[in-house]
1. As a footprinting exposure proxy, order Ile134, Ile217 by other Cβ within 10 Å, with the fewest listed first.
2. At a Förster distance of 35 Å, what's the computed FRET efficiency of Gln147 paired with Arg47, Cβ-Cβ distance as r, to 0.05?
3. Given H placed on each backbone N at 1.01 Å, which residues far from Lys141 in sequence or on other chains put an amide H within less than 5 Å of it?
4. When N counts the residues of the stretch 164-222, how does its alpha-carbon radius of gyration compare numerically with 2.2 N^0.38 Å, as a ratio?
5. Provide the packing ranking of 173-182, 56-65, i.e. peptides ordered by the mean count of other C-beta atoms within 10 Å per residue, highest first.
6. Given H placed on each backbone N at 1.01 Å, which residues far from His136 in sequence or on other chains put an amide H within less than 5 Å of it?
7. My understanding is that a pair violates if its Cα-Cα distance is over 21 Å; which of Lys200/Lys233; Lys117/Lys200; Lys106/Lys151 do that in this structure?
8. If each residue's Cβ is checked for other Cβ atoms within 10 Å, how do Glu70, Glu218 rank with the fewest at the top?
Amino acid sequence: MVNEGLGPTGPGMTDPSVMANPGYPNTSPWLSTTPRAGSTAKVLAHRVMARSTLGTFLRAFSFGHVRQFEKVIGDALEHAWSLGAGPGHKQLVVDIDSTIREVFGKLKGGAAYGYTKVLGYHPILATRADTGEILHARMRKGSANTQRGTKRFVEELVARLRRAGATGQIIMRFDSGYWSNETIKVLTRLKLSAVRTGTKAIDVCISEIDEANWVAIEYPAGGEAMVAETTYKGRRLIVRRTRLVGPQAALWPTWRHFALLTDRIRISTVSSRPTLKIFRRLGATEMRRIQT
C-alpha cells in the first residue's frame, strides 16, 4: 500500500483527500475545490485538505510511490472484474493512444512543448473499447515521442489484464504513431492481434486498389460508402471510403479514405457488420481522445 507517512498532514488526511478528487487517480491538486464545496464534510469520513496541501503532498511522490499506486489500481480492477465487470473469456478490444495535458508554469517537472506546440505532458493511455474505462496509464514528459515507452507499456498492460481475469482474445488498436517493429515483436510474443490506422505509404497502396474491387455498403441518406481489401507488407489492409452526393456534394465531392491494417486473418468478409464495427469504434475512440 502507499506510504502514509508522506505529506505535512500525516496519515489519514491527505491520502483520502487525493482519492476524493474527481480526477483520481490522474489527479491534479487544482481540481480539489470540488470535493471541498458545500456540505461535503458531512458526507466524507475525513476532512478534505486545501489545494496547496495536496500539491505539496503529490510533489513528494517518487516513482516508487507511483508504482505502489498502480499496484492498488491493478488490484481494484481485478476485484471489479471478478464480480462480473470483466470480459472473462470473451474478446477484449483495447485502444492505446496518447493525449496532451496542458499545464501553466515552466517550472513544472516534465512539462515541455511537443508536436502540438502546447506546454504540458504527453501521457499514454489504454482504454477498454466497450466501456471506456482506463485500464493503464503512464505519464510522459511533454516532448516525448509518440512511441516512447510503448513496448514496456503493452507488456505491463497485458500482464494486468491477464491477472484481472481476461482469458479470451485481446485485440490492440493503435494509430500509425505507435506502429513499429518493436511493438509488433511484443504483440507477436504475447499472441495478441493488432489493428492500426493509415500512413502516407498506405495511401499509395489504397490508390492502387482496382475500382472493381470496391463494394457498396449502407450509409445515411445524402452520402455513399464503399469498402475494399488488399494487402500491405503481408498484412490485411481494409479500407472504407465515403463521400457526399446530391445537393451537398459540393461540400465533400471527393472520396475520403479510412484504412485499417491488421494481422487478423479472419475478421470476416470485408463488408460485414463485425468489420464495419471496427471502423465505428475507432472513430469513437478518436472522439474520446480529442474531448479529453
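1. Ile134, Ile217
2. So, using R0 = 35 Å, E works out to roughly 0.20.
3. For Lys141, the qualifying residues are His122.
4. 1.58
5. 173-182, 56-65
6. Close amide H contacts, sequence-distant or interchain: Ala126.
7. Lys117/Lys200; Lys106/Lys151
8. Arranged by neighbour count, lowest to highest, Glu70, Glu218 become Glu218, Glu70.
Where a number appears in this text, it was derived from the coordinates with a stated rule and is not lab data. Please read all numbers here as calculations on a predicted model, not as lab measurements. Ideal geometry is used to build each Cβ from the backbone, glycine not excepted, and the neighbour counts take in all protein chains shown.
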